[in-house]
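Engineer: One structure, pasted below without further comment.
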């Protein structure tokens, strides 16, 4: 059975029909429930993508010099999926490092930060919820590359805009 969830304006939940494939959901987590239902039912998923969120929390407020810009782009371009797994530094240059701040419930908190400065040093931020879905080594390498390319894209957009970017979706097979 394929389940489809829909948000409803009242707080009452009910099934429209005892044999219905649709369940009304008034919770604020309707989209999350829909995604989980789709995954459980093997429905074709949306590809990995990036989306802008809120302003970067604790963003660096000082001048971004040309050297910082160059180092930020270099540190971001040096990110590899294999280094993302655990908390710690993923890549580093003289002025900028990219860190995994630690695992989220189902993803990663990736930040580009300035080296050698105290206080708020984040200059790019990505929350990553796209994770590999296979154990087949050939497909896994492709999925890791797809996710990593989207992480780099998100960090570059975040650096340019000052917004946190979300990387989400199901990698291609």
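Engineer: Considering every Cα-Cα pair within the stretch 99-173, what fraction, in whole percent, is farther apart than 21 Å? List each step's numbers first, then the result.
Structural biologist: Details: 846 of 2775 pairs.
Across the stretch 99-173, Cα pairs with separations above 21 Å total 30 percent.
Engineer: Okay, moving on. How big is the Cα convex hull of the stretch 49-168 in projection, averaged over all directions, in nm²?
Structural biologist: Numbers: hull surface 27.9 nm².
Result: 7.0 nm².
Engineer: What's the exposure ranking of 48, 98, going from fewest to most Cβ atoms within 10 Å? Display every interim value, and only then the final one.
Structural biologist: Details: 48 22, 98 26.
Going from least to most buried by this count: 48, 98.
Engineer: While we're on this one: What is the projected area of the convex hull of the Cα atoms of the stretch 46-109, averaged over all directions, in nm²?
Structural biologist: Details: hull surface 22.8 nm².
In nm², the orientation-averaged hull projection of the stretch 46-109 is 5.7.
Engineer: Another one. Using the 10 angstrom Cβ neighbour count as an exposure proxy, how do 152, 47, 83 rank, fewest first? Write down the numbers at each step before the final one.
Structural biologist: Values: 152 21, 47 12, 83 15.
So the residues, fewest neighbours to most, are 47, 83, 152.
Engineer: Please give, to one decimal in nm, the separation of the simple spin-label points placed at residue 137 and residue 83, each 7 Å out from Cα toward the Cβ.
Structural biologist: Here the answer is 2.4 nm between the modelled labels.
Coordinate-derived values only; no laboratory data. Values in this document were obtained by computation on a predicted structure and should not be read as measured data. All Cβ positions, even for glycine, are placed from backbone atoms using ideal geometry, and neighbour counts span all protein chains on display.
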